[in-house]
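In what follows, a structure is listed as structure tokens, so that the remarks can point back to it.
The values are calculated or read from the model by the stated rules, or taken from the named source; none is laboratory data. Quick caveat: nothing in here was measured; it's all calculated off a predicted structure. Cβ: placed from backbone, ideal geometry, glycine included. Neighbour counts: every protein chain shown. Side chains included, ligands, DNA and RNA excluded: accessible areas come from the protein's heavy atoms. Shrake-Rupley method; radii C 1.70, N 1.55, O 1.52, S 1.80 Å.
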Amino acid sequence: MDFGDILAIIGIGFWVYVPALLPNTFAPFVGGGTPVDFGKSWKGKRILGDGKTWRGFIGGVLLGGLMIGLAQYGLSELCGSADHWGYGDDIWRAVKIFLVLGTGSLLGDMFGSFIKRRIGIQRGAKAPILDQYDFVFGSFVFLMIFDWSFFYDTYIEGYHWIALVFLLLIIWFLHRGTNIIGYKIGVKDQPW
Ligand code: CTP
Ligand code: MG
């Protein structure tokens with residue numbers, strides 16, 4: 001195990017997590033229309049709010065999770081990678097992982113909004129930590145439930161925990177960066 005091996009572990013851990021990172025980036029582009037909570041409130045506050053829509057959810061999973069994952073898989077195939085850069089050789093297992101990561105990510109994001117509404121934070125208003133990690137929580141819980149051995153092999157086993165630590169750190173910076181870009185190009189109301 002040398003420095004190059006550790007870098008490869010970190011790289012793979014990040015690469016296979018891309019289908020969990022991008023659904024949130026796609027959602028503002030495809031979102032709109034009927035809210036997931038159908039406009040309903042609970043104890044005087046919206047269940048989720050107008051920032052969580054069916055189009056954003058389904059479009060985000062299909063584009064940011066499935067489509068991106070398939071593109072990554074195809075690229076690794078073109079490059080002749082034996083284990084498809086961490087996804088493994090079974091394409092159906094890989095497809096399952098794309099959908100699990102994408103769905104978990106956006107359900108985690110909705111769970112974050114649910115918490116925000118309960119504690120009285122308005123749609124779009126800032127909630128540090130929660131805004132950065134709600135989707136991480138959702139996607140990892142989903143991955144642990146639906147493919148524990150993939151999670152274990154990629155993020156725990158041997159030195160692979162380093163990939164997990166690195167990923168959690170880089171996500172904070174990435175999330176801030178993409179939200180600032182989204183705000184500047186006008187698809188997000190606030191830069192967070
Ligand atoms: N979006 C969507 N459906 C989702 C998630 C996001 O339509 N399931 C779109 C909405 O247009 C939303 C934008 O993506 O405004 C940005 O997402 P996010 O920052 O998560 O939502 P907020 O508007 O900030 O709402 P909240 O306070 O509930 O997080
Ligand atoms: Mg927000």
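Just subtract the alpha-carbon distance of Tyr183 and Ile6 from 0.36 nm times their residue separation and send over the number in nm, one decimal. Please report the intermediate quantities before stating the final value.
Values: separation 177, 0.36 × 177 = 63.72 nm, distance 3.51 nm.
So the extension gain works out to 60.2 nm.
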Put Arg93, Arg117, Arg123, Arg46 in order of accessible area, largest first, 1.4 Å probe: what do you get?
Arg123, Arg93, Arg46, Arg117
Using θ = phi - 60° and the Karplus form 6.51 cos²θ - 1.76 cosθ + 1.60, what ³J(HN,Hα) does each residue of segment 177-186 get, whole Hz, x for Gly and Pro?
x, 5, 5, 5, 5, x, 5, 5, 8, x
Residue-by-residue Karplus 3J(HN,Hα) for segment 156-169, coefficients 6.51, -1.76, 1.60, Hz, glycine and proline x:
10, 3, x, 8, 5, 4, 4, 4, 5, 4, 4, 4, 4, 6
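Protein chains only, probe 1.4 Å: how do Glu157, Glu77 rank by accessible area, largest first? List each step's numbers first, then the result.
Details: Glu157 80, Glu77 110 Å².
So, going from the largest accessible area down, we get Glu77, Glu157.
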Per-residue SASA entry for Lys52, accessible area with 1.4 Å probe, Å² rounded to 10
30 Å²
Once you treat every alpha carbon in the chain as an equal point and sum by Debye, what is log10 I(q)/I(0) at q = 0.09, 0.12 Å⁻¹?
-0.34, -0.59
Peptides 54-60, 100-106, 29-35: what's the order by average Cβ count within 10 Å, highest mean first?
100-106, 54-60, 29-35
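How much of the accessible area of the chain, probe 1.4 Å, is carbon plus sulfur, in whole percent? Numbers along the way, then the final one.
Working: 7080 of 10090 Å².
Here it works out to 70 percent.
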Under 5 Å, built H, 5+ apart or other chain: amide partners of Thr53:
Gly32, Val36
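For Lys126 and Ile156, calculate 0.36 nm times their separation in residues minus their Cα-Cα distance, and state this gained length in nm to one decimal.
Working: separation 30, 0.36 × 30 = 10.80 nm, distance 3.18 nm.
Once the chain is fully extended between Lys126 and Ile156, it gains 7.6 nm.
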Using unit Cβ charges (K, R positive; D, E negative) and no other charged atoms, how large, in debye to the nearest 20, is the dipole of the chain about its Cα centre?
1480 debye
Using each residue's phi in segment 24-35, evaluate 6.51 cos²θ - 1.76 cosθ + 1.60 at θ = phi - 60° and report the 3J(HN,Hα) Karplus result to the nearest Hz, with x for Gly and Pro.
5, 7, 6, 3, x, 6, 9, x, x, x, 4, x
Measure up Lys52/Lys116; Lys43/Lys116; Lys45/Lys126; Lys116/Lys188; Lys52/Lys96; Lys96/Lys126 against 22 Å on the Cα-Cα distance and list the ones that go over.
Lys52/Lys96; Lys96/Lys126
Mean-square fluctuation maximum in Gaussian network of the chain, Cα pairs under 10 Å, restricted to Gly13, Gly124, Gly64, hits Gly124
May I ask you to give the solvent-accessible area per residue for segment 96-152, in square angstrom, as obtained with a 1.4 angstrom probe?
44 Å²
